[in-house]
Structures are given as structure tokens and as C-alpha cells.
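As C-alpha cells, the structure follows; a few thoughts come after it.
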Amino acid sequence: MQILDGIKLSKEIKQEIKLKVESYKEQGKRVPHLGAILVGNDGASRTYVDNKIKDCNYVGFESSELILEDTITQEELIAKIQEWNNDSNLDGFIVQLPLPKHIDQEAVINAIDPNKDVDGFHPMNFGKMALEMETFLPATPYGIMEMLERYKVPTAGKHTVVIGRSRIVGRPMSILMSKNGNPGNSTVTLTHSKTEDLAKYTKEADIVITALGVPEFLKADMIKDGAVIVDVGITRVDDPTSPKGYKLAGDVDFENVKEKASWITPVPGGVGPMTRAMLLKNTLLAYNKNN
Ligand code: NAD
């Protein structure tokens with residue numbers, strides 16, 4: 001069994017980006033600029049946004065943060081988005097999800113200029129991804145593709161089973177794994193909560209990508225020997241022995257599954273750090289499109 005080490009790989013990617021930013025500075029150019037909009041003060045969302053800003057500082061990007069009260073109306077939020085759409089100093093920005101219930105997430109995503117949508121959530125970017133055109137890929141699936149590529153995990157002709165069909169992970173993942181390219185060229189089965197006898201599919205899979213958010217859902221008897229296991233799940237579970245009172249659990253029963261797997265991502269330290277690095281790559285792409 002070999003570990004797909006997202007911490008090591010994301011450090012390499014961030015280092016590559018940092019060197020690029022240094023060369024832009026040496027050429028007297030401005031640096032890439034990422035913005036983040038946070039509505040309300042949800043603890044997890046706050047941490048995600050803080051980490052995005054921290055990553056920008058590390059690689060030398062400029063960053064902007066807009067924190068809005070959770071009482072803001074949808075119209076006011078969209079007006080802010082339009083200001084940022086028109087700000088030529090900003091290469092790309094994200095609106096941290098989830099949004100308060102009174103705001104229509106769809107309307108907000110649709111209001112972002114697709115050329116600045118570095119999360120890759122706008123329908124235009126999703127469509128371009130499905131058509132295999134160059135665009136911003138959603139960061140988590142993008143990070144998994146990058147990981148499979150850099151670790152040279154073969155995917156062509158393999159059977160990939162994705163568990164979960166969310167629009168930010170499972171569904172785009174299934175599209176990317178079936179694309180005509182490397183990584184890709186897989187035969188993909190997309191499974192979800194209504195799939196009957198899910199183990200029937202996972203037992204036949206060469207690659208299993210779990211994105212459902214159910215701790216230790218994938219057991220060793222659900223996979224075949226030598227399968228590649230990519231665990232996207234992150235769930236906080238109570239842990240009185242930890243100072244925080246909780247630990248992060250993946251969707252995979254790691255201790256038992258690792259004995260049968262050929263490659264496996266740990267949680268934490270697998271897909272999560274790759275997701276963070278890919279937002280930086282998308283920002284760099286936006287910057288290059290703008291210049
Ligand atoms: P989601 O809740 O939007 O979607 C979950 C999907 O899992 C649904 O499509 C549902 O049909 C499917 N599902 C639920 N129970 C199932 C079951 N018993 N059998 C089969 N399918 C089932 O979730 P999401 O946003 O895609 O996130 C999934 C997990 O990945 C969560 O734990 C989330 O925290 C984590 N996540 C991690 C990263 C990262 O960077 N590592 C990024 C995004 C999400």
C-alpha cells in the first residue's frame with residue numbers, strides 16, 4: 001500500500017506557484033489577486049476563508065476579504081458581487097458556501113462573472129468542464145486529478161466508482177474521470193444514496209472515490225485487492241482525547257481498507273490540502289487569462 005500524500009504534493013504545488021509569482025514580480029508585473037466573500041460567522045466557513053487567505057499570503061498573491069452580516073439581502077449580496085465582477089484588479093473570487101437559508105445559492109453563483117469564478121461552480125464553467133474545454137475546475141475534483149497524475153496512478157481503461165453526486169465533488173469527479181485524457185479515460189459508475197447494493201459496484205472497482213460524508217462508510221470487504229482509494233469525506237466526530245473535542249473522519253475505514261488497497265489517501269492529509277492548492281492554481285489561470 002502506498003499513501004497518496006496530499007500534504008507533500010500540495011507543498012510542491014504551492015512552491016511552484018510561489019516561484020511563478022516571484023518571476024512576475026521580477027518582471028515588474030502585478031501579482032495575482034484572489035477575493036473571498038463570507039456571509040455570516042459560521043465557524044467552519046470562517047476557517048476555510050482564513051486558510052484561503054493564508055495560502056495567498058504564502059505564495060505571494062494579493063488577497064481581499066469581504067465579511068458580510070448574515071442579515072444581508074440577496075440583492076445586496078449580488079450588488080457586492082457585481083462590484084467585484086467589475087474590479088479589474090481582482091482576478092478571481094469565491095463566495096464561501098453554504099449561504100444563509102434566505103439567499104438563493106443558485107442566483108448568487110449565477111451572478112459571478114464566469115471569468116472570475118475560480119471555484120468553477122458557474123453553469124458556464126461546469127458546461128465547459130463537461131465539454132473538455134479549458135476552464136476553472138471545481139477545486140476538490142481538480143485536486144484529485146492532479147494527485148492521480150502526479151503519482152502516476154493509471155486510470156485509462158480502469159473502472160472508477162464514485163460515491164456521491166454533489167455538484168461540487170461527486171458529479172464533476174465522475175465527468176473528469178471519464179474525460180478523454182490523462183488522468184481520465186476511466187469507465188465510470190456514479191453511485192448515490194438511491195443506489196441499490198452499492199457494494200456490488202465497489203467490489204468491482206479499480207478506483208473508488210468516496211464523497212458522501214459518512215464516517216468509515218467504505219469497509220475492506222467492499223473493495224477488491226489492489227484498488228485505489230480516494231477519500232474525500234471530512235466529518236467532525238466527537239473525540240474527548242483531542243484538545244478540540246473532535247477529530248476529522250473520512251468516508252473510509254482507513255485502518256482495514258489500507259491493507260487491501262494499492263494506493264490510498266489519508267484523512268486528514270489527503271484530498272483536503274490538494275483542494276486548497278487548486279484554488280491557487282485556478283487563480284493563476286484567471287490571472288493569466290486577464291494578462
Ligand atoms: P453532499 O452532502 O452534497 O453530497 C453527498 C452525496 O452522498 C449525495 O449525492 C448523496 O446521494 C450521497 N450519499 C449519501 N449517503 C449515501 C449512502 N449511504 N450511500 C451512497 N451515497 C450516499 O456532500 P459533498 O459536498 O459532496 O461532500 C461529501 C463529503 O466530502 C463531506 O464529508 C464533505 O465534508 C467532504 N468534502 C471534502 C472536501 C475536501 O476538500 N476534502 C471538499 C468538499 C467536500
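Observations, loosely collected:
- Filter result for the condition that a residue is open to solvent by 40 Å² or more (accessible area, probe 1.4 Å), within 25 Å of N89 (Cβ to Cβ) and at pLDDT 95 or above, over K14, K8, K25: K25
- Looking across region 220-233, just one residue is among the charged types (D, E, K, R) and surrounded by 18 or more Cβ atoms within 10 Å (Cβ to Cβ), and that is D231.
- Meets criteria (in a helix (DSSP H, G or I) and of a type outside the set (V, I, T)) for E65: no
- Of the set (1) basic (K, R); (2) more than 30 Å from P114 (Cα to Cα); (3) within 16 Å of the ligand (Cβ to nearest atom), all apply to R276 but (2).
- Candidates N51, N41, N86, filtered to the one that is surrounded by fewer than 17 Cβ atoms within 10 Å (Cβ to Cβ) and in contact with a Lys or Arg (Cβ under 8 Å, 6 or more places away or on another chain): N51
- Residue that is over 20 Å from G272 (Cα atoms) and in a helix (DSSP H, G or I), where the choices are A44, A79: A79
- Of the residues making up region 241-266, just one is in contact with a Gly (Cβ under 6 Å, 6 or more places away or on another chain) and away from the ligand (no atom under 16 Å from the Cβ), namely S262.
- Cβ pairs under 6 Å, 6+ apart, first in region 153-167 and within 18 Å of T265 (Cβ to Cβ), second within 16 Å of the ligand (Cβ to nearest atom) and open to solvent by 40 Å² or more (accessible area, probe 1.4 Å): T160/V188; V161/Y201; V162/L190; I163/L212; G164/L212
- Check on P172, touching a residue at least 24 places away in the same chain (Cβ under 8 Å) and within 20 Å of L280 (Cα to Cα): yes
- Here R236 passes the criteria (1) within 10 Å of the ligand (Cβ to nearest atom); (2) open to solvent by 30 Å² or more (accessible area, probe 1.4 Å); (3) at pLDDT 95 or above except the one numbered (3).
- Members of region 250-283 found to be of a type in the set (A, V, I, L, M, F, W, C) and over 20 Å from A199 (Cβ atoms), listed by number: W263, V267, V271, M274, A277, M278, L279, L280
- Number of residues in region 85-96 that are out of contact with any Ser or Thr (no Cβ under 8 Å at 6 or more places or on another chain) and not polar (S, T, N, Q): the value is 3.
The values are calculated or read from the model by the stated rules, or taken from the named source; none is laboratory data. Keep in mind that what you see is a predicted model, and the values were worked out from it rather than measured. Backbone-built Cβ (ideal geometry, glycine too); neighbour counts: all protein chains shown. With ligands, DNA and RNA removed, areas are computed over all heavy atoms of the protein, side chains included. Shrake-Rupley method; radii C 1.70, N 1.55, O 1.52, S 1.80 Å.
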